[in-house]
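The values are calculated or read from the model by the stated rules, or taken from the named source; none is laboratory data. A quick note: this is a predicted structure, and the numbers were derived from the prediction, not measured. Because the Cβ atoms are built from the backbone with ideal geometry, glycine has one as well, and the counts that use them run over all protein chains shown. SASA here: full protein model, heavy atoms, side chains in, ligands and nucleic acids out. Shrake-Rupley method; radii C 1.70, N 1.55, O 1.52, S 1.80 Å.
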Amino acid sequence: MAVRNPASTSCLDALRKILVLEAKGGYSDDSVLGGGLDSFVRRNRPELEAAAKNKPGLLKVSYRGLNGAARKRWVEAWQGLLAEGDHGDAHAPESSEEAPPPPASVPADQGDKHRKPAKSKPAPLAGSFDSPVVRLPGVNDKTAAKLKRLGISTINDLLYFLPRKHNDYSAVTPIADLVPGEHHTIVGTVWESRQMGMRDRRRKAVEAVVGDESGNLRIVWFGNTYIERQLKPNTQVVISGKVEVFRGQVQFENPDMEVLDGRDTLVHTARLVPVYRLTEGIVARRMRNIVWQALKGWGPHIKDHLPGPLLEKLGMPSLPEAISQAHYPDDLAKLTAARKRLAFDELFLLQLVVLQKRNTWESIADGVPIRTNPAVLRAFLAGLPFEITGSQKRCIAEVLQDMSRESAPMNRLLQGEVGSGKTVVAVAALLEAVVSGHQGSIMVPTEVLAEQHFATLANLVQGLAAPVREENTITFYLENHPQPISAGLLTGSTKTKIKRELTERAADGSLDILIGTHALIQETVSMPRLALAVVDEQHRFGVGQRAALRQMGEATPHVLVMSATPIPRTLTLTLYGDLDVSIIDELPPGRQQVRTHVVPPERRDDAYRFVRTEVLKGRQAFIICPLIDESEAIEARAATEEFERLSTHVFPDLKVELLHGRMGARQKEAAMRRFKEGSTDILVSTAVVEVGVDVPNATVMVVEAAHRFGLAQLHQFRGRVGRGHEQSYCFMLSEFSTPEARERLNAMERIHDGFELAEVDLSLRGPGDFFGTRQSGLPNLRVAGYSHQDILLLAREEATLLLEEDPKLEHLEHQDIAQLVKEFLGRVLDEVT
């Protein structure tokens, strides 16, 4: 495509306007993009030589090389020459065509800085922030339906639909310095443009040549013929995109383009350009335009709910500024400040919610003070067949201190790895409650876990005086305590006669400790002297169930929540923000580390041979699959098909059993019980085994399609083995679908500490997938990341100070915050904790 010299009759008109801009701008040489006035002179030298024939010296100096006073004289000299031309100069324009407006400057290191619209009074608001998006220019019902797929229905949704990243197009690069394969921005003049045909006659393309003082460049837009109308010769444009190579020459293909007409801020080029999530029917440029319209119409009217003194103290931008800069930042520093402000807002509101909940609990709930007896703890610990760890001792002390206070009841989270000894801590607290004349309970999510807790309790008291175990009860004595202590097991499948006996004894106070499933919170179960309620695997229960447990006694009981899922501190402050936290951070001595290996698919048979070897030694194995039904979209082996294949073709001589989430509760309980009792060699299961029972004889865990699981889940699976004295193994079969999956599984091989893994998992996957599926009770934050511990701690500190000053947020200056807290509660998933 040949390059013609552009028509030049409008050259002198353009120069007149450039000189005016230079004078107004203090002769800073920023009125012409891409090289200043010197570049304009070079491009238009023949016409300017004719105009300056009486003062040829004007063209022999570099404007950029002059000082301020000399530049002023140069500009005034040219203005004098052009004024003479207005009165009959032979070189006055002959065409009536209006010259293009002079370009505004885009200095290479400043991006969009000098093209902000002039500050003026905001235009009247075109509707409320809850207005539908169809209020925006050019957004019809069809577009609104597409936006709804992205979760955008209102103007407010659009304002908080933040970019997932920004492309940095702020630096302008001369054409001669473009690097193939990299993203660049150029500023130049259109020399020529045309439509061109393609092999597929149904498709069209537009080709243009754009030049600056360093050279010319070919640009092609495929399937976007309307753009040719904007590419008139002599038009100044900004182009941003990835540089390609075609037939040995660099070029742009389908870049973003904007015409420099001096009327508005650039949106798509020469700046930090936002990149949004898209949906079918809405392209990136269209989405940017829609957001830009919302920001222009509603942005200036955003009301800031944080008081001015707090913003000044924190050094954060106002909310209108933060939202604007989060979408279209002036620079990276302002983008960072904007996202920090918006993240702070969400975490601040979240902490206000959990702290208000905590304050309410402490103000309305009268606890039952337990006067602890050191002799009770000494007798219990002396009867154990092992020495407890320092972490367990510390946690017992923290729990007993909470239980002894006269004010609000305990509300504490006890975290610890599988096998770390959380039950020992719980039983020590339960015994103190019973010796003080009260009752206690342990509620767990499944019958098998309830049976396991009951069996664990029986084992822990074996060293005490005269333990007597019957079908669903156990009775024992503590030294220096004359009365027998009794514990019962109550589940949905407990025989009717035994269930009636247990509920009667719980109601009359003769049963001291009751262990069970949700059957504990049925209306027929009452424990009038209940002082301590222990809840295991907290996230498996709904808020209604936990609330009902607190209502079982005549007074509000102390609550101890136990979780085997290691949770990073930032998530603990969020999920359990109204609970105090105790952590068992060391395993009992002698506990063996599970050897963990990533196994490629081609070595699957080696893993199976190892499983067979272990089973022939009298041990057992798990094989975990992520799905029940086969899916072409997800490369995972379905548990049902895997069970058929393994039991028929791989292990036909072994006892293989299936466990998955669609089985009935009784079926699942029966399958787990048979595996625990040793009548099953290999249990093929989906993730329902994640919170499972203690099977010391199981030594091998095989996880199919391990890349489908998060580290928290994989660590829970691994914790199902290694519970006995034999060396145990975990094999993760994976094809590494993504680099992130490889990083995650490599972390499993080298890290065995659950809390360290939890931090890695949170940073890689984010909070939404932390538990494998979205965790009930985890707020769906739009901006904040739960790994932003510094912002979270700052938000908690400020929320604490605010509630100390105004516990119910009733002060006039806090009304906006109170309303936002109410709205925020409306969009969390189920509950905050």
Legend entry - Positions within segment 197-225 being touching a Ser or Thr at 6+ places or on another chain (Cβ under 6 Å) and open to solvent by 10 Å² or more (accessible area, probe 1.4 Å), in sequence order: Lys204, Glu213
Inset, instruction - Output the residues belonging to segment 457-474 that are touching a residue at least 60 places away in the same chain (Cβ under 8 Å) and in contact with a helix residue (DSSP H, G or I) (Cβ under 6 Å, 6 or more places away or on another chain). - result: Leu460
Inset, instruction - May I ask you to list pairs of residues, at least six apart or on different chains, whose Cβ atoms are under 6 Å apart, with the first in segment 498-509 being over 11 Å from Gln439 (Cα atoms) and the second being of a type in the set (Ser, Thr, Tyr)? - result: Thr503/Thr524
Inset, instruction - Considering only segment 279-334, state which residues are acidic (Asp, Glu) and farther than 30 Å from Lys142 by Cα. - result: Asp304, Glu312, Glu321, Asp330, Asp331
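Test Arg674 against the stated conditions and say whether it is open to solvent by 10 Å² or more (accessible area, probe 1.4 Å), basic (Lys, Arg) and not in a loop (DSSP other than H, G, I, E, B).
Yes: the conditions hold for Arg674.
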Inset, instruction - Could you list all residues from segment 324-362 that are of a type outside the set (D, E, K, R), open to solvent by 10 Å² or more (accessible area, probe 1.4 Å) and over 21 Å from Arg271 (Cα atoms)? - result: Leu349, Val353, Leu355, Gln356, Asn359, Thr360, Trp361
Legend entry - Filtered residue count, segment 9-62, keeping only those that are touching a Leu at 6+ places or on another chain (Cβ under 8 Å), assigned to a helix (DSSP H, G or I), exposed (fewer than 15 other Cβ atoms within 10 Å of the Cβ) and in contact (Cβ under 8 Å) with a residue 24 or more places away in the chain: 0
Inset, instruction - Could you please let me know if Ala397 is small (Gly, Ala, Ser), open to solvent by 40 Å² or more (accessible area, probe 1.4 Å) and within 37 Å of the chain's Cα centre (by Cα)? - result: yes
Legend entry - Entirely in segment 209-301, the strands (runs of 3 or more DSSP E) that have 3 or more residues that are closer than 26 Å to Asp331 by Cβ: 236-246, 256-259, 272-275
Inset, instruction - Would you confirm whether any residue within segment 262-270 is acidic (Asp, Glu) and over 30 Å from Lys17 (Cα atoms)? - result: no
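Return the residues of segment 402-426 that are more than 24 Å from Phe755 (Cβ to Cβ) and not charged (D, E, K, R); say none if nothing qualifies.
Result: Met403, Ser404, Ser407, Ala408, Pro409.
Is at least one residue of segment 347-365 under 30 Å from Asp402 (Cα atoms) and either touching a His at 6+ places or on another chain (Cβ under 6 Å) or of a type in the set (Gly, Ala, Ser) (or both)?
Yes.
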Inset, instruction - Of the numbered conditions (1) open to solvent by less than 20 Å² (accessible area, probe 1.4 Å); (2) assigned to a loop (DSSP other than H, G, I, E, B); (3) at pLDDT below 85, Ile791 fails exactly one; give the number of that condition. - result: (2)
Legend entry - Only listed residue being at pLDDT 85 or above and under 14 Å from Leu579 (Cβ atoms), chosen from Glu362, Glu398, Glu387: Glu398
Inset, instruction - Tally the residues that are surrounded by 16 or more Cβ atoms within 10 Å (Cβ to Cβ) and farther than 11 Å from Ala429 by Cα, restricting the search to segment 374-392. - result: 8
Inset, instruction - Return yes when Asn167 is within 21 Å of Glu823 (Cβ to Cβ) and modelled with pLDDT under 90 and no when it is not. - result: no
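Residues checked against (1) polar (S, T, N, Q); (2) open to solvent by 50 Å² or more (accessible area, probe 1.4 Å); (3) touching a strand residue (DSSP E or B) at 6+ places or on another chain (Cβ under 7 Å); (4) in a helix (DSSP H, G or I):
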site	(1), (2), (3), (4)
Lys146	no, yes, yes, yes
Asp157	no, no, no, yes
Ile186	no, no, yes, no
Val190	no, no, yes, no
Gln195	yes, yes, yes, no
